[in-house]
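Q: Attaching a single structure in C-alpha cells format; questions to follow.
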Amino acid sequence: VLIGGPHATGAPLHALKVCNADAVVVGEGEAVIADLVEALANNDKIELQGVITSEGGEVTFAPRLPLDEIPLPAWDMLDFEPYFALPSMATPSPWRYAPIMTSRGCPWQCTFCHNIFGKKLRTRSKESMEEELRLLEKRIGHGFIEVLDDCPNASRKHFEDMLDIFIQKRERLRVTFPNGLRIDRLDDETINLLCEARCAYAGSGIESGDPEMQILLRKNLDLEKARENIEKLDRKRIYTCGFFLVGLPNETFTSFLKTLRFALEVPLCQAYFLRLVPLPGSVLFAEMGGRIDGIDEHVDYFGEATQELAPNVRSLQRLALFLFYSRPSVWERILHRHPNKKTVLYKAFFASFLFSSPFKGSWLTYLSRYFA
C-alpha cells in the first residue's frame with residue numbers, strides 16, 4: 001500500500017500510521033514510484049528521497065521533474081465510459097470529459113493552501129499539451145477537458161498557449177476550469193480567448209469579500225477587478241462559479257456579511273460556501289499549532305480558528321446557500337449559461353420536491369450538491 005497527495009505530504013508520519021501503509025511519498029511521485037515498487041517487490045531496504053516507511057527515514061520532498069520529462073498518462077488503457085455517467089469536478093455534467101494538468105506549483109502564498117507542488121510555477125510546453133489533447137480527442141471524441149491546475153493563468157504566456165490549442169480544437173473539445181482561475185489576472189484579451197475557445201465553465205477562488213481577510217489569508221485578491229471580470233465573463237455567456245470560505249481565522253459576522261454581499265452582487269451562476277479546514281502542510285495549519293487530532297471532525301480547528309463564528313459555521317453556510325439560490329435571477333442565469341440544458345431541467349425537477357417540503361431532511365445540502 002503506497003499513499004501520497006496533500007495530506008500525506010503535509011503530515012507523512014501521521015498518514016503512515018493511520019493508513020498502515022508500506023510507504024508514503026512526500027511531494028510528487030513520478031521520480032521515485034518505479035524504484036519504490038521494485039524495492040518493495042524485492043523486499044529491499046528503501047532509501048529513496050521523498051519516501052518514508054515504518055523503518056523511519058528523514059522527511060524530505062521527492063525530486064521534482066521538469067513536467068515535459070514526465071510521460072503522458074496511458075489514456076489508451078483507460079475505459080472512459082463509466083466515468084461519463086458520474087458527475088465531474090465541473091458542475092455542468094454529465095458529459096464526455098477528461099482531466100489534464102498543464103502546470104504545477106502556484107506562486108501565491110495563500111495560508112490555507114497545500115504545498116504538494118511547491119510555490120514555484122512549472123509549466124508544460126505547448127507541444128506537450130498539444131500531444132496529450134490529441135490523444136484525448138481520439139479517445140473521447142467530442143467532449144470537455146477539465147484543466148485541474150492550481151492556477152491555470154498564473155503565467156499569461158502559458159495560459160494563452162493553452163487557449164490557442166483549444167481554439168484550434170473548439171469544434172470537438174471545450175475547456176473548463178473547475179479548480180478555478182486567478183480571476184483578477186484576467187483582462188479583455190484573455191477573456192476574449194476564453195470565449196473563442198468556447199470555455200464552458202470558469203471557477204474562481206474568491207474566498208472572502210472582505211479586503212482585510214484577503215490580507216490575512218495572503219491571497220490579496222483585487223476584489224474590484226474580480227467583480228469586473230466576473231461581469232465580463234457573464235456577458236460572454238460563460239458559466240461562472242465562485243468559491244467562498246466560511247469560518248476563517250479572526251472572521252467576524254461583519255466579515256461574513258461582506259463575503260455574502262459580494263457573492264450576491266456579482267453575476268455568478270453558482271457559488272460554494274465552504275467550511276475552512278486547515279490542511280496539514282499549509283501555513284494556516286502551522287499557525288494553529290500543527291494539531292492532527294480532530295482532522296476528520298474539524299471541531300477542534302473551528303474552536304481555535306473562529307472565535308465569533310465557530311458555533312454557527314454550518315448555519316451560516318446554509319443561510320448563504322439559501323440566499324444565493326433563492327433568487328430567480330440565478331436560476332435564469334443557470335438556464336441560459338449551462339452548456340447542458342437537459343441536465344438543468346432534470347435537476348430542477350427533483351429540486352422542486354425539496355422546495356415543497358423544506359423541513360424534511362437536509363434539503364439545502366441536497367440542493368447545494370446538485371446545483372453548487
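The values are calculated or read from the model by the stated rules, or taken from the named source; none is laboratory data. These figures come from a predicted structure and were not determined experimentally. Cβ coordinates were reconstructed from backbone atoms using ideal geometry, including for glycine residues, and neighbour counts include every protein chain displayed. What goes into the accessible areas is simple: the full protein's heavy atoms, side chains included, and nothing from ligands, DNA or RNA. Shrake-Rupley method; radii C 1.70, N 1.55, O 1.52, S 1.80 Å.
Q: Any idea of the accessible area per residue across segment 30-69, 1.4 Å probe, to the nearest Å²?
A: 66
Q: For segment 177-201 and segment 1-55, what is the centre-to-centre distance using only Cα atoms, to the nearest Å?
A: Using only Cα atoms to place each centre, the spacing works out to 37 Å.
Q: Give the carbon-plus-sulfur fraction of the accessible surface of segment 1-153 in %, rounded to a whole number; probe 1.4 Å, heavy atoms of protein chains only.
A: Working: 4330 of 7800 Å².
Of the solvent-accessible surface of segment 1-153, carbon and sulfur hold 55 percent.
Q: Which three extents, in whole angstrom, do the alpha-carbon atoms of segment 1-150 cover along their principal axes, largest first?
A: For segment 1-150, the Cα extents along the three principal axes come out at 49, 38, 30 Å.
Q: Assuming R0 = 30 Å, can you tell me the calculated FRET efficiency for the pair residue 44 and residue 69, based on Cβ-Cβ distance, to the nearest 0.05?
A: 0.75
Q: For segment 116-192, report the translational diffusion coefficient in µm²/s to the nearest whole number, using Stokes-Einstein at 4 °C, 1.567 mPa s, and a Kirkwood Rh over Cα pairs.
A: Here the translational diffusion coefficient equals 98 µm²/s.
Q: Listed here are the pairs 157/258; 225/258; 169/236; 138/169; 157/236; 236/258; which of them are more than 24 Å apart at the Cα?
A: Checking Cα-Cα distances, 157/258; 236/258 exceed 24 Å.
Q: Where does each of 123, 9, 254 land when they are ordered by accessible area, with a 1.4 Å probe and the largest first?
A: 254, 123, 9
Q: Can I ask one more? Accessible area per residue of segment 89-131 at 1.4 Å probe, in Å²?
A: Numbers: 1740 Å² over 43 residues.
Here the residues of segment 89-131 average 40 Å² of exposed surface.
Q: A further question on this structure: Eigenvalues of the Cα gyration tensor times 5, then square-rooted: what semi-axes does that give for segment 59-135, in whole angstrom, largest first?
A: In descending order, the three semi-axes are 26, 18, 12 Å.
Q: Which number do you get for Rg(Cα) / (2.2 N^0.38 Å) in segment 21-97?
A: Relative to the rule-of-thumb radius for its length, segment 21-97 sits at 1.50.
Q: Ignoring ligands, DNA and RNA, what percent of the 1.4 Å accessible area of segment 185-247 is carbon and sulfur?
A: Heavy-atom surface of segment 185-247 belonging to carbon and sulfur, 1.4 Å probe: 45 percent.
Q: Mean shadow of segment 1-58, computed from the convex hull of its alpha carbons, in nm²?
A: 3.5
Q: Given 0.36 nm per residue, what is the gain on full extension from residue 188 to residue 236 after removing their alpha carbon distance, in nm? Mind dumping the intermediate values first?
A: Working: separation 48, 0.36 × 48 = 17.28 nm, distance 1.10 nm.
Full-extension gain reported as 16.2 nm.
Q: Which FRET efficiency, nearest 0.05, do residue 138 and residue 58 yield, Cβ-Cβ r, R0 41 Å?
A: Result of the calculation: an efficiency of 0.40.
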